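For reference, the structure discussed in these notes is given below.
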DNA sequence: CATATACCTCG
DNA sequence: GAGGTATAT
């Protein structure tokens, strides 16, 4: 727990939310290309930025454990005595159960001892409004009110292939992300792969996002605001950061949203029907059907949106619609729609969620988590194997 | 509607 | 050529 250890001024208060591993697997959900902002700095511990704060998450069989690093935790930021005191006072209002120990069986003994000493001061402040908000934030981000167990059961019943794949890939949920971060991240995904996208997102946050703090040598920044992305020099900056032709898409989309629709436009798409939200997004430069579906699914509360990228296109041809492989050379608009409609009929209202399970299972980096491929299944095309070596 | 091509950069 | 989009034909 490198990160934690460096923050001796900040009492390491881990809180927990009941959540079984069948409902959520962090290692799949946080690294399968939905969000590019979570890093597993030490095994099982995921650190990232959410709602303008740095969080570390981990999990045990029955719980998610989380801790946050707030400003007053970060020396050199604005850690004057008064703000630290204010933070303490805030903590005192807590009424919810705080678990003052790190997740069991994970941290080293000396850390536990250190935590305990600090925690004595906190014994009386068990609970809190803030804590409740924090828990609610995570429950919202992971959409924990959606029962994944029931969905897997449903999908498996109508789709034997899903049932088979799902054995090795439990707990993959769709995150409910911030619409701005989601849109601009996915504009960067065209003709690109996860490792490079991650670097680009890191750089745009460092360059245009608000500085949030430092853990060890790692600096954390918020995702840039729409306003920052719409500045007139953004395109040039992003080109310097290696965004290539996507730099223009990012800056022009941000400018279009602010000048034509207003700062709340993306948020408002959440209450529109799927097709309307999707066509609205497609009016932006750099946003086609695939990016629009990603944003609909992962930020705009449209669980039926099925993004069809080349992975899903391969999966569809190989395991579901072999007839599509014959006459169609490429993923045309018509074929794109056909695949989405097919999966919606097969899997139902949360088809996009099921899609992300298959998508994840197809990523090279998770291939070792899976069974040996079924010899009766069609062999993969060479192009796809090549592609996977990149990830 | 369908196919072809350019677009940035990296491995 | 890549987890893609926009444009022209």
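Values in this text are rule-based calculations from the coordinates and carry no lab data. Please read all numbers here as calculations on a predicted model, not as lab measurements. Every residue, glycine among them, receives a Cβ derived from its backbone with ideal geometry; neighbour counts consider all protein chains shown.
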Ordering of A:289-301, A:339-351, A:138-150 by packing [mean C-beta count within 10 Å, highest first]: A:289-301, A:339-351, A:138-150
Contour excess over end-to-end distance, with Cα ends at residue A:324 and residue A:342 and 0.36 nm allotted per residue: 5.3 nm
Label-point gap, in nm, between residue A:276 and residue A:332 - each point 7 angstrom along Cα→Cβ: 3.1
Peptides ranked, highest mean first, by Cβ atoms within 10 Å: ranges A:31-37, A:325-331, A:203-209: A:31-37, A:203-209, A:325-331
Contour minus Cα-Cα distance for residue A:168 and residue A:367 (0.36 nm per residue): 70.7 nm
Gain in span if fully extended, residue A:210 to residue A:237, counting 0.36 nm per residue against the direct Cα distance: 8.1 nm
